[in-house]
1. Just how large is the dipole of the chain about the Cα centre, in debye to the nearest 20, putting +1 at every Lys and Arg Cβ and -1 at every Asp and Glu Cβ?
2. Specify the inter-centroid distance of region 165-234 and region 2-26, based on alpha-carbon positions, in whole Å.
3. Taking 7 Å along the Cα-to-C-beta vector as the label spot, tell me the Thr43-Glu214 distance in nanometres, rounded to one decimal.
4. For region 217-234, in order, what is each residue's ³J(HN,Hα) by Karplus, 6.51 cos²θ - 1.76 cosθ + 1.60 with θ = phi - 60°, in whole Hz (x at glycine and Pro)?
5. Within region 47-103, list the trypsin sites (Lys or Arg not before Pro) lying in a DSSP loop whose Cβ has at most 14 other Cβ atoms in a 10 Å radius.
6. Taking only Cα atoms and a 10 Å spring cutoff, compute GNM fluctuations for the chain and point out the largest among Leu12, Leu89, Leu207.
7. How large is Rg over Rh for the chain, taking Rg from the Cα atoms and Rh as the Kirkwood inverse mean of 1/r across Cα pairs?
8. Find how much the distance from Asn106 to Gln120 grows on full extension, using 0.36 nm per residue of separation minus their present alpha carbon separation; answer in nm with one decimal.
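None of the figures in this text is laboratory data; all of them are computed from the coordinates on show. Note that this is a predicted model, so its numbers are computed, not measured. Here the Cβ is made from the backbone with ideal geometry for all residues, glycine too, and neighbour counts use every protein chain on show.
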Amino acid sequence: MTLSRDARLVILTGAGISAESGLRTFRAADGLWENHRVQDVATPEAFQRNPALVYRFYNERRRSLGGAQPNAAHLALARLEREWQGDLLLVTQNVDDLHDRAGSRNLLHMHGELLKGRCQSCSAIHPWPDDMDVDTRCPTCGRAAVRPHIVWFHELPLEMERIYQALERCDLFVSIGTSGHVYPAAGFMEAVGPAARTVELNLEPSLRASAFQEGRIGKATELVPAFVAELLGK
Ligand code: APR
């Protein structure tokens with residue numbers, strides 16, 4: 001793919017980019033939600049009904065992050081950001097910190113972050129590498145009102161305005177490792193301008209595959225480094 005080096009890029013990633021780092025995807029046969037029914041853990045209602053279960057679910061996921069390392073796909077996207085001359089925005093649906101640890105900086109976690117806690121009383125957001133529970137106190141206001149800084153189903157994803165502005169202006173939109181099941185990310189294609197190039201890199205065609213000009217099938221750790229090398233002409 002040839003593109004001028006100052007072109008504007010928007011890259012969307014989903015659980016598939018972290019699969020080869022050992023973090024399970026949501027809809028695979030052994031998917032994350034299989035062990036916990038979605039409505040049991042990832043909704044505001046679940047948190048109201050059974051906060052201890054929801055805290056435990058995210059504590060387990062937060063702990064499992066320590067054993068995972070960024071893979072070649074995460075590292076390739078960080079390299080692209082360093083070497084690309086144009087704007088690049090990386091929008092991830094993932095709440096893991098693998099893009100962060102790989103070195104991506106122009107990074108937006110639209111579904112929140114496992115390693116952050118948010119106070120329901122004063123809205124302060126703090127780094128949170130450890131467990132939290134109903135008695136966990138907010139470092140800013142001191143109230144026992146900290147929750148995972150995760151966007152749950154029925155809640156509005158973060159920084160949507162900034163994402164849509166970037167989509168409308170981009171010259172290339174690349175979707176990596178996402179199934180196209182969950183909106184609004186599954187509908188980002190509709191916000192991309194008519195002149196933009198669109199590519200999907202995925203282990204199998206997503207539900208939105210037909211909307212992309214080009215689709216490449218394979219593992220992220222193979223497809224993404226090759227795609228980045230192509231963009232950089234190296
Ligand atoms: N390389 C590339 N793609 C892969 C790989 C891999 N090694 N392994 C799996 N995939 C693909 C799958 O084919 C699938 O299309 O990644 C996608 C993962 O899809 P999901 O499990 O649905 O994850 P995701 O699309 O990120 O889910 C979106 O749904 O559950 C909510 O909030 C949660 O952010 C999540 C959102």
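1. 280 debye
2. When both Cα centres are located, 8 Å separates them.
3. 4.1 nm
4. Values, residue by residue: 9, x, 7, 4, 5, 9, 5, 5, x, 5, 5, 5, 4, 5, 4, 7, x, 10 Hz.
5. When the trypsin sites (Lys or Arg not before Pro) of region 47-103 are filtered for loop state and at most 14 Cβ neighbours within 10 Å, nothing remains.
6. Highest fluctuation among the options: Leu207.
7. 0.98
8. Extra length from Asn106 to Gln120 when fully extended: 2.4 nm.
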